[in-house]
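Visitor: Pasting a structure here, questions to come.
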Amino acid sequence: MGLRCEVADGVGTITIDRPGKRNAMTAEMFGALPRLLDGLAADPGVRVLVLTGADGDFCAGADISELGGHGWREGTGRSTAAEEALAAFPKPSLAAIEGFCVGGGCQLAVACDLRFAADGARFGITPAKLGIVYPAAATARLVRLVGPSAAKYLLYSADLVGAGHALRVGLLDEVVPPGDLAARVAAFAGTLASRSLLTQRATKDVVDALAAGEPHDAKVGHWQDEAVRGPDADEGVAAFLERRAPGFTWTGPA
């Protein structure tokens, strides 16, 4: 299938594993990704998602050999469905990026909550090299992340940019030295897994609404009610007063 899924220490990791094609995504792979995400979302032992690529590349985009004729339009529907499933994943998600992160690969990375990359990674959004039109949802998400001007730069030129450029425009959250990415991502994912998932779910729901210009007051109220019903707030306060690490147990709405 070209996708591997593993769970360890509260972290679910999906690895794009097609190294002979720089991890380019086939239609089958795009179709399989939402099913893998559904399984990880339902697993109470998973508190964080990491999306990464095998053998030194994140993802070189959609497999161009499948996009001949008007196949690109059908492919756009599949990549958008995968992107939307990733954006809707109800737990913190982090893209760990090495090498090429291009086209549909960048689309998936942008759909994650956070993006960490090794220095030397290369980023590009390349429909202008193919004469096709980038999906509406992906364009909107990119604009919310980097702003209109940076989005136009990437989409107009289809040029590859380095990790420093990507960090400067807000496409990345952290850049680490080559060879340090796995350790940094593991450490940060471990930190996220130790925090309150209720707080993280609420944060994701409210921040995403704010970024999209949608109403958010009702969402805040809903999550405050959930915090009153759930165990995490009592545990967090008790742990603070007792000067110990909290053991948060909330895994989802009752």
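Only the coordinates and a few stated rules stand behind these numbers; no lab work does. Just so it is clear, the structure is predicted and the values come from calculations on it, not from any experiment. Positions of Cβ are backbone-derived with ideal geometry, glycine not excepted, and every protein chain shown enters the neighbour counts.
Visitor: Compute the length gained on full extension between D173 and A211: take 0.36 nm times their separation in residues and subtract their Cα-Cα distance, giving the result in nm to one decimal. Walk me through the numbers before you get to the answer.
Guide: Numbers: separation 38, 0.36 × 38 = 13.68 nm, distance 1.67 nm.
The D173-A211 span can extend by a further 12.0 nm.
Visitor: Once amide H atoms are placed 1.01 Å from N in the peptide plane, what residues at a sequence separation of 5 or more from A62, or on another chain, have their amide H within under 5 Å of its amide H?
Guide: Placed amide hydrogens put M25, G104, G105 under 5 Å from A62.
Visitor: Considering every Cα-Cα pair within region 182-246, what fraction, in whole percent, is farther apart than 15 Å? Could you put the intermediate results ahead of the total?
Guide: On the way: 1290 of 2080 pairs.
Across region 182-246, Cα pairs with separations above 15 Å total 62 percent.
Visitor: Next question, about the same structure. For the modelled label position 7 Å from the Cα of V237 along Cα-to-Cβ, which residues of region 198-222 have backbone nitrogen atoms closer than 18 Å?
Guide: Within reach of a label on V237: 198-199.
Visitor: Now, a different point. What is the helix-to-structure angle for 232-241, meaning the angle in degrees between its Cα long axis and the longest Cα principal axis of the chain, kept from 0 to 90 and rounded to the nearest 10?
Guide: 60
Visitor: Helix 148-157: angle to the longest alpha-carbon principal axis of the chain, degrees 0 to 90, nearest 10?
Guide: Helix 148-157 sits roughly 30 degrees off the main axis of the chain.
Visitor: To the nearest 0.05, how large is the calculated FRET efficiency for V143 and A182 if R₀ is 45 Å and r is the Cβ-Cβ distance?
Guide: Values: r = 31 Å, r/R0 = 0.69.
So, using R0 = 45 Å, E works out to roughly 0.90.
Visitor: What is the helix-to-structure angle for 71-87, meaning the angle in degrees between its Cα long axis and the longest Cα principal axis of the chain, kept from 0 to 90 and rounded to the nearest 10?
Guide: 20
Visitor: With viscosity set to 0.692 mPa s at 37 °C, what whole-number translational diffusion coefficient in µm²/s follows for region 3-192 from Stokes-Einstein and a Kirkwood radius over Cα pairs? List each step's numbers first, then the result.
Guide: Working: Rh = 16.3 Å.
Estimated via Stokes-Einstein, D reaches 202 µm²/s.
Visitor: Here's a follow-up. With a ≥ b ≥ c taken as the square roots of the eigenvalues of the C-alpha gyration tensor of region 1-71, please select rounded if a/c is under 1.5 and otherwise prolate if a/b is larger than b/c or oblate if it is not? Don't skip to the end; give the middle numbers.
Guide: Values: a/c = 3.55, a/b = 1.80, b/c = 1.97.
Oblate.
Visitor: For region 3-192, what does the relative contact order come out to in percent, with C-alpha contacts under 8 Å and a separation of six or more?
Guide: Relative contact order comes out at 20 percent.
Visitor: Now for a different question. Mind running the shape call on region 36-139? Use the C-alpha gyration tensor, a ≥ b ≥ c as the square roots of the eigenvalues: rounded below 1.5 for a/c, prolate if a/b tops b/c, oblate otherwise. List each step's numbers first, then the result.
Guide: Values: a/c = 2.19, a/b = 1.38, b/c = 1.59.
Oblate.
Visitor: Here is a further query. Region 109-254: Rg/Rh from Cα coordinates, Kirkwood Rh? It would help to have the intermediate numbers written out before the result.
Guide: Details: Rg = 19.1 Å, Rh = 18.0 Å.
With Rh from the inverse mean 1/r over Cα pairs, Rg/Rh is 1.07.
Visitor: Here is a further query. From the phi of every residue in region 162-172, what ³J(HN,Hα) in whole Hz does the Karplus formula 6.51 cos²θ - 1.76 cosθ + 1.60 yield, where θ is phi - 60° and glycine or proline is x?
Guide: Listing the rounded values in order: x, 5, x, 4, 4, 5, 5, 8, x, 6, 10 Hz.
Visitor: Residue farthest toward the positive end of the dipole of the chain, with Cβ of Lys/Arg at +1 and Asp/Glu at -1: which of C112, T249, T26?
Guide: T26
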